[in-house]
Every structure is written in structure tokens, then in C-alpha cells.
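Student: One structure, as C-alpha cells, below. Some questions next.
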Amino acid sequence: MNSPKTKALTRRALLRNSGLGLLGTALAGGTATTAASGADAAPVAKSVKPAIVAFNRWPRMMQDDLVRRVRDVERFGELRRATLKTRHDAEAYVRSVRKKIEECFGPWPEKTPLNARTTGVLQRDAYTVEKVIFESRPQFPVTANLYVPRGAGGGRLPAVVGCCGHTTEGKAGAAYQGFAQGLARLGYVSLIFDPPGQGERLQYGDAAGRSRHGAGTREHLLAGNQQFLVGESLAAWRAWDGIRALDYLLTRPEVDAQKIGVTGNSGGGTETAWLCGVESRWAMAAPSCFITTFRRNAENELPADTEQMVPRVLAAGLDLADFIAAMAPKPVILLGQERDFFDVRGLEEAHGRLQKLYALLGAEKNIARFAGPDPHGFSQPVREAMYRWFDGVTRGSGTRTEPILTLETEADLRCTPNGQVAKLGARTIFSFTAERAKALAAKRKPVAGADLAKEISEALKLPPAAGVPDFRILRADRGRGYPKKSATTYAVETEPGVHALVYLLGESQHDARPLRTATGEAVLYIADRSADGELREEKLIVETMQAAPGAAVFACDVRGVGESQPNTCGGAWDAPYGADYFYAAHAVMLDYPVAGQRTYDVLRVIAWLGAHGFAKIHLVARGRGAIPGAFAAVLADAVTQVTLKGALTSYGELATTEDYTWPLSAMVPDVLKRFDLPDVYRALEKKGLRMIEPAGA
């Protein structure tokens, strides 16, 4: 019998609780905390310090550049797929995407003992629920519920690994325990487990067992962004949990090893897609509310969780359908919703690409698509499409509807005594990141000179530069309250369609090219948030001008800063899911980090100044601008003096600080395998480096 603590929900109630959901948690300063499943929608920011942007003439520049780049990737993929004419071609394509996916996710850790244990059992009318804990990595426990149909001892049954979306409750979320129970009632063994940062696996818990920052997306961003510094990704960590969940299922005597599938919704749909790409043992799959195209996500300005932004995946020419292609010709149904924020047009496009591939493989019936009528979430019509698909694969028929479900309380489904693995001494993702950062530091040798310049260029993925950048002279805006009477604004084209905005301060307006000074000296200020705002308030600029009375004074907004600050992603530029994060995360997938893009802007501005006779440059930078400023100062011979204010002390400190505040746009993937910022600052000492108020993590 069901426990008296359980609550019966009608199908309508389950639909209402199926993860249509709202928001995760934003900044540590405090926000709403509950997120429904797959709350891949942006957390609501609260108490975010706004950037000072009085003038913003280029708010779509980064968006237009991103869309161009992603469309180019998609176009390349379409041309590649157009060459597929035979079964041999299709098989070669599948092998190629598998290899590329492996390169983006690997290398994998060693498989260590699962140390699985059952901490309790719920006896129900048609099934039992075992409360299971296993370790996907040493001291990194995964809390899971195993639903086993009654009478399973009579033979081996098909099984399903269930992946959760971004519910705070994890495996106990209504839609997630709902489909796990539904599968059990239909004769499947189903295992559903908590993702890190949700359910019983909070990574930033407080003494009361609540998240300090907000469960789900906020924890994922905080842990995942930081991982890039040491060459890890949350996408791979989530996928590894799923691989180890499959390993656990294969130890169970009730399970038919040849009939194991995987499904999940939203963030769980993400994990399902990744698992299709990296694990060959699945017999079937049903990702829900995630599969679309990268182009649709970029064009629709849709920020996604760090786990959904796979390093180098766009640079490798992959799209989301390729993760399903890696599983071909095995049976997969793509699930979605007509009213989802994951664009259903992209779902249709992905399906069309896969139809051609599966047809060449002689398995047209093994790929299907179903879109429910609802908003984002694993609602009943979508769950039933999943049941029918799995039944068709395992039993040759697909006519099932969902049984009446009786959902459990979160407390009844707990695997741990006190609701959190942290209280069992579990390690956090951060602890692994910090440990790896320290190991890399111990292994890494100091790097300097030409070797450092090479490492910086390679880490930042700087493109080759040739010639003098073209530029525009923008109409003057007078009376801004700058230290000089007048300012001329130049738009220096650093890449096609991308401009750095450069102000030339002076006593009179320059309506033509910058006038060289008698000394050929210039001060170039790289802004933190807005050159326009900082020219009014930053005393350092005035001090620098006074120290170099014969130098021309320029102030620069690199891309995404000040006059090109994006107004996309709902306008929340500096929020965890804001525009600054959106472009930085896509840049990780493009293998061209924003820190590299902005460094390239500075280098091109320096080249532009050099072409106009400025041979000696005092580079001054503040805050976030100090990162591209410092990199460019190492690489540019024309920089002869450097002043940095509020510069980040080291990436090593950033990787070993649990509650850091620097954004993803300031980080460089894999950087700690190569060098750290102290190497950069040592190199700049010969250029008279002056560090003012250096900033910790």
C-alpha cells in the first residue's frame, strides 16, 4: 500500500506540475529560489550593479557577429551532409561525429568502484522504490531512486535511465518521479538520479541544507564556469554521472542489458542528448525539450546552462542533431513542445537531417519526432509518446497510455538521513576543480618571453592580423563632462562587422584621422564597463594625463563593453544568465573565448594607433578591461608602459575560490595548463608595470 504521506495527483495536477517552469536563482545577493524542471530560462537578477552606459550606439554588434559565426557553422554542416549519398557515406559520417564528440568531452576519468548501497525501500502496489547511493567518482556520491516492477524476479526487464531537468527537488520533482513511476507501472526498471546542485546533491549548501546561491542553474553556472579554467566542463561531468548510472543498472539482475534506454527533459534532455553522443550501450533514447539547432538558440538570444555549452563543439562543426546521429541507427524519438523556448522549428530541422541519415542506413523507422501542445516541460502527452516509443522498441507495440500515478513526498524519496550528501562527507565539484588547479600549478613551469607570447596567443585563439584596420568617425557628442573639452569617437573595425569604440580626448574636435603628437606618444585606456562613464569618474585617467602632458589620450570600449554593450537576453547584461554570459558561453563552444576576442580588439586598436604615428603607448586598464589589456601589452611591442587597476590577481586563485565573482567572459578555457596571470605580470615588469588595487577572485 502507499504511505499515508503520499499524495494522489490527477493527471491534470501532474501536468500542472510537469516542469513548465520558471526561474532558478540568480546572484548571491538574493533572489527567488525555486526553479521548475529545466528552468533553462534565465535566473532573475536582483541587486545587480548596472554598468554605466550613457551612450550605446552598437547594442546588436555582438549578437550579429555571433549569429554570423553560428550560421557559418551550420552552413558548413549542411554542405557536409549534402555529400552523403550511400550507406557507406552515412556510416563514415556517424564515425566522424562520434570522434568529434569524444574530443569535445574527453578524456574521461578512470572508472572507479561504484560502492553502491541501498539505504531504504518503499513498498508500493505495483513496484518498489529502492533508495540507492553510488559513487560516479571517488567520494562523489549520486543519489538515485530505482523503480522495480513487482514480480521482476521472473525474468529480465527492459530498463531506462532517467535524467532530471532543473527542479530544485531533482529526482523528486513531479514530472521526474512521475515518469520514473510511470515506466515502472508499465513494466520497466527505471533509475532516476539527482544532478549535482539539485535534490540531495547541493554543491553550495548551508548549515540548514539549503543552497547558498540557489539550486539548479545558479549552482551549475558557479561550478561549471570555473571548471573551464582547468580544462573540465560540467557537460562532461553530467554525462559521466549518466554513464555510471548505466553501469549501476547493468549490475542489477532484473535488467535486460540489451534493452536499456535513456530519457530526460530540459536539463535532463540535455544530458540525454550528450549520453546519446558519448555512450554506445543504449538500445533506445528519448530526449525531451532540448533538441533544436544551435543557430535557433543563438538567433533567439536563448542563454543556456553551462552544462549545455560544450567546449569547442561549434568549432568542431557539430550541431545538436549530431549527438543523436552518433547513436544511429538505434531508435530515437525527439520530443519537444510547440510552445517551448527551445525553438520547435529547430526540432523539425534536426529531425529532417536525421531522417536522411537514418534512411541511408536503412533504418528510417528508427527516428521519430513528437511535439506536444504545451509550454516547456515533460507534460503527459510527451511522456506518453516516450512510453509508446520504448514499448515499440522493446515489445513490438506502442499503444500505452500513462497509468494513474501517485506521487511521493520529497522526504519519502530521500536516500540520505538528513537530505544532503554533503552531510555524509561528500566532495563537491569545486573541491575537484581546486585540487586540479593546484596540481596544474605544481606541474607548470614559469613561462616568459617568446614562449609566454606563444602560449597567450594559442590560449586566446587569436586570429592572424594583417594590414591597418579601417575605421569610422562618428558624429560628435559634446558636453559629456570629460577631462578634456572635446572628444572624437572612432569606430575601429577589428574583425568584419566588429568595432572597438575609441575616444580621442582633446581641446578641440578632430573630425578626421587622429592627429599624431610631436612625441608619438599615446595613452590608451581600456575600460572596465564603459569608457564613456569612466572618463567622467575615473581619477586614474586624469592622473595619467597629468603625468604625460605631451601624449594623446584615447579611451577604448572593446566589444560588448560600453557603447557596444548588448541589449539582448532580456537586457540583463551582468546577471548570471545575462548577455555577457550568453556571448562568453557561445565563445567557449566556438573555441574563441571572449577574453581572446577582446584582446584582439586591443591589439588591432594598437595597430591602428601605430599606423597614425603613435609608436609609444602607455596602456592603462581597469577591472575587466585589465585582462585583455594585460594580454595585449605582452604581445604588442608598441606598449612601453602599463598601468592596471583592479586587475585579477591570478586564474589560480579564481579556480580555488569557492564563492568567486568574476564572470565567464574574463576566463580563458584550459589556461591553467599553460600559464597564469602572474606570469603575465612578471613579463610586464620590464614595461614599468604599475598595479593599483589588484582584485582577488
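Student: Condition first: open to solvent by 10 Å² or more (accessible area, probe 1.4 Å) and touching a helix residue (DSSP H, G or I) at 6+ places or on another chain (Cβ under 9 Å). Can you find one or more residues in the range 267-276 that meet it? Before the answer, list the steps.
Tutor: Residues of the range 267-276 that are open to solvent by 10 Å² or more (accessible area, probe 1.4 Å), as a first pass: none.
No; the residues of the range 267-276 include none that is open to solvent by 10 Å² or more (accessible area, probe 1.4 Å) and touching a helix residue (DSSP H, G or I) at 6+ places or on another chain (Cβ under 9 Å).
Student: Next question, about the same structure. Looking at LEU191, is it buried (at least 24 other Cβ atoms within 10 Å of the Cβ) and not small (Gly, Ala, Ser)? First the steps, then the outcome.
Tutor: Details: buried (at least 24 other Cβ atoms within 10 Å of the Cβ): yes; not small (Gly, Ala, Ser): yes.
Criteria met by LEU191.
Student: I want to confirm something. Restricting to the range 426-447 and keeping residues that are surrounded by 15 or more Cβ atoms within 10 Å (Cβ to Cβ) and under 30 Å from ALA636 (Cβ atoms), which single residue is nearest to the chain's Cα centre (by Cα)?
Tutor: ALA437
Student: Inspect all residues belonging to the range 244-254 and state whether any of them is at pLDDT 95 or above, of a type in the set (Phe, Trp, Tyr) and either under 22 Å from ASN366 (Cβ atoms) or open to solvent by less than 10 Å² (accessible area, probe 1.4 Å) (or both).
Tutor: no
Student: Given the structure, is SER136 free of Cβ contacts under 8 Å to residues at least 60 places away in the same chain and of a type in the set (S, T, N, Q)? I'd like the intermediate steps shown before the answer.
Tutor: Details: free of Cβ contacts under 8 Å to residues at least 60 places away in the same chain: no; of a type in the set (S, T, N, Q): yes.
No, not satisfied.
Student: Check the range 642-651 and report whether any residue there is open to solvent by 10 Å² or more (accessible area, probe 1.4 Å), modelled with pLDDT of 95 or more, part of a helix (DSSP H, G or I) and under 21 Å from LEU462 (Cα atoms). Quick ask: steps written out before the conclusion?
Tutor: Let us first name the residues in the range 642-651 that are open to solvent by 10 Å² or more (accessible area, probe 1.4 Å), namely 645-646, 649-650.
Among the residues that remain, those that are also modelled with pLDDT of 95 or more are: 645-646, 649-650.
If we keep only those that are part of a helix (DSSP H, G or I) too, we end up with none.
Within the range 642-651 (the criterion being open to solvent by 10 Å² or more (accessible area, probe 1.4 Å), modelled with pLDDT of 95 or more, part of a helix (DSSP H, G or I) and under 21 Å from LEU462 (Cα atoms)), the answer is no, since none of the residues qualifies.
Student: Starting from the range 76-94, keep only residues that are within 16 Å of LEU318 (Cβ to Cβ), then list their pairs with residues that are among the acidic types (Asp, Glu) whose Cβ atoms are within a distance under 6 Å, requiring at least 6 positions of separation or different chains.
Tutor: Pairs found: GLY77/ASP319.
Student: Now for a separate question. Given the conditions (1) under 25 Å from the mean Cα position of the chain (by Cα); (2) farther than 30 Å from ALA683 by Cα; (3) part of a helix (DSSP H, G or I), which single one is not true for LYS423?
Tutor: Tallying (1) under 25 Å from the mean Cα position of the chain (by Cα); (2) farther than 30 Å from ALA683 by Cα; (3) part of a helix (DSSP H, G or I), LYS423 fails exactly one: (1).
Student: For the range 531-577, how many residues are in contact (Cβ under 8 Å) with a residue 40 or more places away in the chain and in a helix (DSSP H, G or I)?
Tutor: We begin by selecting, within the range 531-577, every residue in contact (Cβ under 8 Å) with a residue 40 or more places away in the chain; these are 532-538, 540-542, 544-545, 548, 551-570, 572-577.
Now drop any that are not in a helix (DSSP H, G or I), which leaves 532-537, 540-542, 544-545, 562-564, 569-570.
Summing the residues that are in contact (Cβ under 8 Å) with a residue 40 or more places away in the chain and in a helix (DSSP H, G or I) in the range 531-577 gives 16.
Student: Would you check which residues across the range 369-393 are over 26 Å from THR143 (Cα atoms), open to solvent by less than 20 Å² (accessible area, probe 1.4 Å) and touching a Pro at 6+ places or on another chain (Cβ under 8 Å) and list them?
Tutor: Result: GLY372, single match.
Student: Then there's this: Determine whether the range 228-241 contains at least one residue that is over 22 Å from GLY106 (Cβ atoms), of a type outside the set (A, V, I, L, M, F, W, C) and either open to solvent by less than 10 Å² (accessible area, probe 1.4 Å) or at pLDDT 95 or above (or both).
Tutor: Going through the range 228-241, the residues over 22 Å from GLY106 (Cβ atoms) turn out to be none.
No, there is no match, as no residue in the range 228-241 is over 22 Å from GLY106 (Cβ atoms), of a type outside the set (A, V, I, L, M, F, W, C) and either open to solvent by less than 10 Å² (accessible area, probe 1.4 Å) or at pLDDT 95 or above (or both).
Student: Evaluate the range 580-588: report whether one residue or more is assigned to a loop (DSSP other than H, G, I, E, B) and not hydroxyl-bearing (Ser, Thr, Tyr).
Tutor: Of the residues in the range 580-588, the ones assigned to a loop (DSSP other than H, G, I, E, B) are none.
No, there is no match, as no residue in the range 580-588 is assigned to a loop (DSSP other than H, G, I, E, B) and not hydroxyl-bearing (Ser, Thr, Tyr).
Student: Residues in the range 567-583: is at least one closer than 17 Å to VAL70 by Cα, surrounded by fewer than 24 Cβ atoms within 10 Å (Cβ to Cβ) and among the aliphatic types (A, V, I, L, M)?
Tutor: no
Student: In the range 410-420, what residues are over 28 Å from the mean Cα position of the chain (by Cα) and surrounded by 15 or more Cβ atoms within 10 Å (Cβ to Cβ)? Quick ask: steps written out before the conclusion?
Tutor: So the first thing to find is which residues in the range 410-420 are over 28 Å from the mean Cα position of the chain (by Cα), and the list is 410-418.
Selection gives GLU410, ASP412, LEU413, ARG414, CYS415, THR416.
Student: Let me ask another. Where the second residue is aromatic (Phe, Trp, Tyr) and not in a strand (DSSP E or B) and the first is in contact (Cβ under 8 Å) with a residue 60 or more places away in the chain and lies in the range 682-697, which pairs have Cβ atoms under 9 Å and are six or more apart or on separate chains?
Tutor: ALA695/TRP662
Student: Does GLN198 satisfy the criteria of being without any contact (Cβ under 8 Å) to a residue 60 or more places away in the chain, under 22 Å from THR306 (Cβ atoms) and either open to solvent by 10 Å² or more (accessible area, probe 1.4 Å) or in contact with a Gly (Cβ under 7 Å, 6 or more places away or on another chain) (or both)? Lay out the reasoning, then the answer.
Tutor: Values: without any contact (Cβ under 8 Å) to a residue 60 or more places away in the chain: yes; under 22 Å from THR306 (Cβ atoms): yes; either open to solvent by 10 Å² or more (accessible area, probe 1.4 Å) or in contact with a Gly (Cβ under 7 Å, 6 or more places away or on another chain) (or both): yes.
Spelling it out, GLN198 is indeed without any contact (Cβ under 8 Å) to a residue 60 or more places away in the chain, under 22 Å from THR306 (Cβ atoms) and either open to solvent by 10 Å² or more (accessible area, probe 1.4 Å) or in contact with a Gly (Cβ under 7 Å, 6 or more places away or on another chain) (or both).
Student: Out of ALA371, ALA359, I need the residue that is in contact with an Asp or Glu (Cβ under 6 Å, 6 or more places away or on another chain) and hydrophobic (A, V, I, L, M, F, W, C). Which one? Talk me through it step by step, then tell me what you get.
Tutor: Details: ALA359 fails: in contact with an Asp or Glu (Cβ under 6 Å, 6 or more places away or on another chain).
On inspection, the qualifying residue turns out to be ALA371.
Table: residues versus (1) closer than 20 Å to ALA350 by Cα; (2) open to solvent by less than 40 Å² (accessible area, probe 1.4 Å); (3) of a type in the set (Asp, Glu).
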site: PRO59; (1), (2), (3): no, yes, no
site: ARG68; (1), (2), (3): yes, no, no
site: ASP72; (1), (2), (3): yes, no, yes
site: ARG81; (1), (2), (3): yes, yes, no
site: SER96; (1), (2), (3): yes, yes, no
site: THR118; (1), (2), (3): no, no, no
site: THR143; (1), (2), (3): no, yes, no
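Student: Applying the selection to the range 491-510, what residues are touching a helix residue (DSSP H, G or I) at 6+ places or on another chain (Cβ under 8 Å) and either over 19 Å from ASP601 (Cβ atoms) or open to solvent by less than 40 Å² (accessible area, probe 1.4 Å) (or both)?
Tutor: Listed by number, the residues that qualify are VAL492, THR494, GLU495, VAL498, HIS499, ALA500, LEU501, VAL502, TYR503, LEU505.
Student: Could you please let me know if LEU360 is aliphatic (A, V, I, L, M), at pLDDT 95 or above, open to solvent by less than 10 Å² (accessible area, probe 1.4 Å) and closer than 29 Å to GLU74 by Cβ? It would help to see each step written out before you state the result.
Tutor: Details: aliphatic (A, V, I, L, M): yes; at pLDDT 95 or above: yes; open to solvent by less than 10 Å² (accessible area, probe 1.4 Å): no; closer than 29 Å to GLU74 by Cβ: yes.
No, not satisfied.
Student: Within the range 153-170, count every residue that is more than 18 Å from VAL132 (Cα to Cα) and either open to solvent by less than 10 Å² (accessible area, probe 1.4 Å) or under 20 Å from the mean Cα position of the chain (by Cα) (or both).
Tutor: Quick first cut of the range 153-170, residues more than 18 Å from VAL132 (Cα to Cα) only: 153-158, 165-168.
Right, trim to either open to solvent by less than 10 Å² (accessible area, probe 1.4 Å) or under 20 Å from the mean Cα position of the chain (by Cα) (or both) and you get 165-168.
Qualifying residue count for the region: 4.
Student: Any chance the range 671-694 includes a residue that's aromatic (Phe, Trp, Tyr), in a loop (DSSP other than H, G, I, E, B) and either surrounded by fewer than 18 Cβ atoms within 10 Å (Cβ to Cβ) or in contact with a helix residue (DSSP H, G or I) (Cβ under 8 Å, 6 or more places away or on another chain) (or both)? Step through it out loud before you land on a result.
Tutor: Going through the range 671-694, the residues aromatic (Phe, Trp, Tyr) turn out to be 675, 681.
Now drop any that are not in a loop (DSSP other than H, G, I, E, B), which leaves 675.
Then keep just the ones that are either surrounded by fewer than 18 Cβ atoms within 10 Å (Cβ to Cβ) or in contact with a helix residue (DSSP H, G or I) (Cβ under 8 Å, 6 or more places away or on another chain) (or both); that gives 675.
Yes, that holds for at least one residue.
Student: While we're here: Please work out if LEU501 is closer than 20 Å to ALA315 by Cβ, within 30 Å of the chain's Cα centre (by Cα) and not aromatic (Phe, Trp, Tyr). Talk me through it step by step, then tell me what you get.
Tutor: Numbers: closer than 20 Å to ALA315 by Cβ: no; within 30 Å of the chain's Cα centre (by Cα): yes; not aromatic (Phe, Trp, Tyr): yes.
When the stated conditions are applied, LEU501 does not pass them.
Student: I want to confirm something. Restricting to the range 601-637 and keeping residues that are over 26 Å from ASP65 (Cβ atoms) and part of a loop (DSSP other than H, G, I, E, B), which single residue is nearest to the chain's Cα centre (by Cα)?
Tutor: ASP637
The values are calculated or read from the model by the stated rules, or taken from the named source; none is laboratory data. Just so you know, these numbers come straight off a predicted model, no measurement behind them. Note that each Cβ is placed from the backbone with ideal geometry, even for glycine, and that neighbours are counted across all protein chains shown. Only protein heavy atoms, including side chains, enter the accessible area calculation; ligands, DNA and RNA are left aside. Shrake-Rupley method; radii C 1.70, N 1.55, O 1.52, S 1.80 Å.
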